[in-house]
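Data first, discussion second: the structure below is written as C-alpha cells.
The values are calculated or read from the model by the stated rules, or taken from the named source; none is laboratory data. Given the structure is predicted, the values throughout are model-derived calculations rather than measurements. Neighbour counts are summed over all protein chains in view; Cβ atoms, including those assigned to glycine, are modelled from backbone coordinates with ideal geometry. Remember, those area values only see protein heavy atoms, side chains included, never the ligands or the DNA or RNA. Shrake-Rupley method; radii C 1.70, N 1.55, O 1.52, S 1.80 Å.
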Amino acid sequence: MSKMTPQEMARQIGGGLLSFPVTPFKPDYSFDEATYRANMDWLCGYDVAGLFAAGGTGEFFSLTPSEVPHVVKIAVEETKGRVPVLAGTGYGTAIAREIAVGAEKAGADGLLLLPPYLTHAEQDGLAAHVEAVCSSVKIGVIVYNRDNAILQPDTLARLCERCPNLVGYKDGIGDIELMTRIYTRLGDRLTYIGGLPTAETFALPYLDMGVTTYSSAVFNFVPEFATKFYAAVRRRDHQTIHGGLKDFILPLIAIRNRKKGYAVSIIKAGMKVIGRDSGPVRPPLTDLTEQEIAELAALVARLPQAAARQAAE
C-alpha cells in the first residue's frame, strides 16, 4: 500500500511531467512482464513526476479487471519508490471499485478514474460513481473529464467536499471556458492535469490557466525530447516550444490522425523504432503499417538535428 497521502501524491505529480507507459504484449497478446519491467526501469531514469500504469496509453480498455492490479504490482516493484505509480480504473461503478481496491493492494499511489463504459448519465449519477470509487480506497483519486463523463463545476465542488481523497482533475475535452470556471471555483483544492491527445499542443495555454502538468505519451519513446519540451513550457520558452511542435509533434499528429485508435498504436510503434519493441496493440486497435513506422522512424532520427538547429537560432 502507498506510503504517500493523497495530498502528497497530488503535489508531487503537479510539479513535473507525467507519462502513461505502454503495456507490452507478446505476439499472442499476453502480458510481457519482462519487457514491462525493463521499460519502467528505463523511464525512471528520466525526470518524470509520475507514471500511470494501465492507463489509456497502457491499453486499460483492453486489460481484464484482474490484469490491471497485476500490471500495477509489477510497475510498483520495478519503480522501487522512485516515482509515484498511479493506476487506471473505470467501466461501471462495481468494476471500477473492484479494480481500485486491487490497485491499492498492489501498491498504487493513486488512481485515474476513466469514464464509465459506454453509457451516458446525469450529473448526480456521475457524482455517485466518483464518490463510490473514492470511498472504496484511501489513496488519491484523479477524475478524467472527457467523453461521456464531463463533470460540471458545481458537481466537482460537491465531490471535493465529500471526498477528501479526490485530489486531481484531468481535462480531456479542451473546453477552455469550463476549465477556467473549474479552476476559478476550486483553485488549489485540486491538481490539474492536461489530458488531451498529444497534450504538448495545448501545454502552454493551459499553463496560464493553472494546469501545471500534463501527460506525455511520447515520453515513452523520446523521453529526452519530452522532458526538454516540458521544461520549455514551464519557462515559457516560445521558440523551443514552437520548434518542437513544428519539427516533431505536428508531423507525428499527422500520422496519428490517419486512422482511428492510432493515438495508442503510434506510441507502441515508437517503442519499436527505438529498439524497445513492446509488441502489438490488442484488438480492436490496429498497428501502424510498415510504411508509417518508417515515417515515424525518420521523425525520431531527425530530432537531434532539429535540436541542434534550434540551439543555433
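Given the peptides 196-205, 270-279, 136-145, arrange them by the average over their residues of other C-beta atoms within 10 Å, most packed first.
On the way: 196-205: 20.0, 270-279: 17.5, 136-145: 23.3.
Ranked from most to least packed, the peptides come out as 136-145, 196-205, 270-279.
Which value in deg cm²/dmol, rounded to the nearest 500, describes the helix-derived mean residue ellipticity at 222 nm for the chain, given -39,500 (n - 2.57) per DSSP H run of n ≥ 4 and division by the residue count? Present the calculation step by step, with values, prior to reporting the outcome.
Working: 13 runs with 145 residues, N = 313.
Taken over the chain, the calculation gives -14000 deg cm²/dmol.
Antiparallel as a % of all DSSP beta bridges within the chain, to the nearest 5?
Values: 2 of 27 bridges.
Roughly 5 percent of the beta bridges in the chain run antiparallel, per DSSP.
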### Query
Using a 1.4 angstrom probe with every protein chain in place, what is the largest-first accessible-area order of 295, 104, 98?
98, 295, 104
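In terms of solvent-accessible area of protein heavy atoms at a 1.4 angstrom probe, what is the ranking of 120, 129, 242, highest value first?
Numbers: 120 150, 129 15, 242 105 Å².
Solvent-accessible surface, decreasing: 120, 242, 129.
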### Query
Pairs 26/260; 80/259; 170/228; 80/105; 105/272: which exceed 27 Å Cα-Cα?
80/259; 105/272
### Query
Once amide H atoms are placed 1.01 Å from N in the peptide plane, what residues at a sequence separation of 5 or more from residue 141, or on another chain, have their amide H within under 5 Å of its amide H?
111, 166, 167, 168
### Summary
With +1 at each Lys and Arg Cβ and -1 at each Asp and Glu Cβ, the charge dipole magnitude of the chain around its Cα centre, to the nearest 20 debye, comes out at 340 debye
### Euclidean distance between Cα centres, region 103-163 to region 6-78, Å
20 Å
### Message
Just to check I understand the Karplus step: with θ = phi - 60° and J = 6.51 cos²θ - 1.76 cosθ + 1.60, what whole-Hz values come out for region 79-86, glycine and proline as x?
### Response
6, 6, x, 5, 9, x, 10, 10
### Message
At a 4.7 angstrom Cβ threshold, list every cysteine in the chain that has nobody to pair with, or say none.
### Response
44, 160
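Quick one: net charge around residue 73, please, counting Lys, Arg +1 and Asp, Glu -1 for every other residue with C-beta under 14 Å from its C-beta. Please report the intermediate quantities before stating the final value.
Values: positive: 37, 80, 105; negative: 33, 67, 77, 78, 104, 109.
With Lys, Arg at +1 and Asp, Glu at -1, the net is -3.
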